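Have a look at the structure below before the remarks.
The values are calculated or read from the model by the stated rules, or taken from the named source; none is laboratory data. In this text the structure is predicted, and so the values were computed from the model without any measurement. Counting neighbours? That spans all protein chains shown, and the Cβs are built from the backbone with ideal geometry, glycine included. These area figures cover heavy atoms from the full protein model, side chains too; ligands, DNA and RNA do not enter into them. Shrake-Rupley method; radii C 1.70, N 1.55, O 1.52, S 1.80 Å.
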Amino acid sequence: MIELDYDGRKFSVSPGETVLEALERGGEKIPSSCRSGVCQSCLLRAECGTVPRQAQAGLKERLVNENCFLACVCRPDENLKVVSVVDAVAFRGGVEILSLDRMGLDVLAVTFKRPATLRFEAGQFMTFERGDGLSRSYSIASLPDETETFNIHVRRVPQGKMSEWFHGKAQIGDTLIASGPTGECCYTGSDKKNPVVLIGTGTGVAPLWALARQALRSDHMGDVVIFDGALSEERLYLRDEIQTQATHLPKLSYHPCVLKASEKPGLRVGDLGQIVLDEVPALRLGTFYLCGDPNLVQPLRKKLFLAGIPLKKIFADPFVSAAPAAAVASKNVSSQEPVPLDELR
Amino acid sequence: MKNMFEALGGEAAVEAVVDTFYRKVLLDERISHFFEDIDMERQRTKQKAFLTMAFGGPHSYTGKDMKVGHAHLVKMGLNDSHVDAVIELLGASLSDHGISQELIAQVAAVAESVRDDVLGREASPKS
């Protein structure tokens, strides 16, 4: 008899029975619909034990790596400890601010001491909660193998409660509660020969630059192409750092883009989405990552898909601002997914 | 008939066809508004479930599931002409991927079999 632990409660799985059937027989209510491994309503995560391969068929790579599986087609052949995915936040705990460093016009790099149990992948984001309960999400700008610290880039948003606090009041030594990580914009390493195309606005370039460095360190063989968009040139706050790297890394190319400016060499002027779409024929085998302003990210995702890029090769992290856009967004996001309550990171 | 899912290429074929089909519906003015969803992954997953069913693949949707799942679209005005368009685009997508007309007709017949449930009607005599 196979034993099953679900959120701390014990169940037994009869021969031939699926995890979903066993849990339901034990009185649990698990969301499910197709019961045949297609709709992904019954997604769970295995904390201990190996699930049969067919229970992960069709799942996105990141979910596979996190040991997520579909309960309705999982007939386990060993004991499993599983948790519901909604509650499966990998880390939650206090993080101490070690430094606050200004970058460019209006961005602050906030560096935290990294707890040993906090694991993440380049490109993901964390939610930070202040003592009074105010919480916002920010993308991680550092790499997973920097084990002592991790950092985020916070852009000052007028009337943004958390960003104003970071920019004006936060002190070295202050502690916030961090939980996460979350987010799909990660380098999976499954398609090393083809381009990695990174498109960001504002501080969207922070997680993308981390993702680019991760790809380059992982011996990515295809090109790594960054489109960094901002309203004006002086807001391209990582431009010098990325361009310096690009001069001696032939695989890395960096395209600074601004909406309006006089034409000059090395600067792309115009609508960022259109600039990217014009390059699609040369990049059509690539994997696309989009981070930043939802007004860019959401429509560009659809346009890239219609231009022939498979949906599984487009990863998007729209930086939803805390109010009132988040209220609108939350209505359109399924309950399975946490709503990223961000200021424009 | 029983092995139509395998004859069409199974899971891999569904994966290949689903993006083509999703693009066609998003670009089709007759029906695109029923498929607009800010969460494109979720929308794609639904369409994959539909194609799997239409291919005669594994699923356990009941008529009630179909009714409940489409009730909000019926409120938006979903009618026979929209179902016709979906079946037409499904056929065109399969054709793009080199599926024979004979198999396409079988897929269309499966899709046709859920028409009344999707539209929230009692089964009509012909089905």
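Key figures for this structure:
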read-out	value
Those lysines that a straight Cα-Cα span of less than 24 Å connects to residue A:264, excepting residues fewer than 8 apart in one chain	A:251
Rg in Å to one decimal, and Dmax rounded to a whole Å, for segment A:12-166 via C-alpha atoms	20.0, 63
Filter on A:192/A:313; B:24/B:48; A:60/B:75; A:260/A:313; A:81/A:312 - keep pairs with C-alpha separation over 21 Å	A:60/B:75; A:260/A:313; A:81/A:312
Viscosity 1.567 mPa s, temperature 4 °C, Stokes-Einstein D of chain A from Kirkwood C-alpha radius, µm²/s	60 µm²/s
Antiparallel DSSP beta bridges within chain A, percent to nearest 5	60 percent
Whether segment A:167-229 is rounded, prolate or oblate, judged on the alpha carbon gyration tensor where a/c under 1.5 counts as rounded	prolate
Long-range amide H partners of residue A:259 with built H, under 5 Å	A:230, A:270
Pairwise Cα inverse-distance average, inverted: Kirkwood Rh of chain B (Å)	14.8 Å
About the Cα centre, charge dipole magnitude for chain A (Lys/Arg +1, Asp/Glu -1 at Cβ), debye	520 debye
For segment B:29-108 and segment A:145-199, distance of Cα centres in Å	39 Å
Charge dipole of chain B about the Cα centre (unit charges at C-beta), most positive-ward option of B:79, B:17, B:43	B:79
Percentage of interatomic Cα-Cα distances in segment A:123-245 larger than 26 Å	27 percent
Heavy-atom accessible area per residue - chain B, 1.4 Å, Å²	50 Å²
Sparse-neighbour loop sites [trypsin sites (Lys or Arg not before Pro); segment A:16-79; at most 13 other C-beta within 10 Å; DSSP]	A:29
Total charge dipole magnitude, segment A:21-165, about the Cα centre, Cβ charges on Lys, Arg, Asp, Glu only, Debye to nearest 20	300 debye
Segment A:70-164: trypsin sites (Lys or Arg not before Pro) in DSSP loop, at most 13 other beta carbons within 10 Å	A:119
Positive-end residue of A:112, A:67, B:111, charge dipole of the protein assembly as shown with Cβ unit charges	A:112
Lys/Arg +1, Asp/Glu -1 at C-beta; chain A dipole; positive extreme among A:6, A:300, A:142	A:300
Loop sites in segment A:180-279: GluC sites (Glu not before Pro), DSSP, at most 10 other Cβ within 10 Å	A:263
DSSP H segments from chain A that extend 27 Å or more along their own axis, Cα-based, with Kyte-Doolittle mean of -0.5 or above	none
Equivalent ellipsoid, segment B:27-68 (semi-axes from 5 times Cα gyration tensor eigenvalues, Å)	21, 12, 11
